[in-house]
Amino acid sequence: MKAKIIQTGEIVTILAISTEHMTIQCYGNDGIVRLMSLSRGDIEIIPDSEKTIDWEQRRYEIVKDIVANSFSTPMGNVSIISYIHDCVQVADLLIEELKK
């Protein structure tokens, strides 16, 4: 998570936040990890809107969930290879829709 130090304008990467002690552990452009004491309004959290989605990982998780949840349903005379192929196709269709 990134934040902007209001007083200096510096952008830092936050490693940990303690609301109890009003401190953050962070590092800035210099790469030095430091602990900073804060008051309310001293930092502005920058949303992680630029997160990259790992679609291959998503695909794996979707297929894994489909297969795990569907083993309680009888498959009839369908081969497991054919069934897994169908699960992958369902995941691919879902990901295609999610990317829109």
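The values are calculated or read from the model by the stated rules, or taken from the named source; none is laboratory data. Just so you know, these numbers come straight off a predicted model, no measurement behind them. All Cβ positions, glycine included, derive from the backbone under ideal geometry; neighbour counts span all protein chains shown.
Of all the criteria given as (1) of a type in the set (S, T, Y); (2) over 22 Å from the mean Cα position of the chain (by Cα); (3) modelled with pLDDT of 85 or more, the one not satisfied by Y60 is (2). Applying the set (1) over 24 Å from the mean Cα position of the chain (by Cα); (2) within 28 Å of I6 (Cβ to Cβ) to S72 leaves exactly one unmet item: (2). Residues considered: R59, R40. Of these, the only one that is among the basic types (K, R) and over 30 Å from C87 (Cβ atoms) is R40.
Take the residues in the stretch 19-57 that are polar (S, T, N, Q) and under 21 Å from the mean Cα position of the chain (by Cα), then tell me which one is farthest from M1 (Cα to Cα). Lay out the reasoning, then the answer.
Here is the first cut: in the stretch 19-57, the residues polar (S, T, N, Q) are 19, 23, 25, 29, 37, 39, 49, 52, 57.
This time we only want the ones that are under 21 Å from the mean Cα position of the chain (by Cα), so: 25, 49, 52, 57.
Details: Q25: 11, S49: 10, T52: 14, Q57: 21 Å.
Result: Q57.
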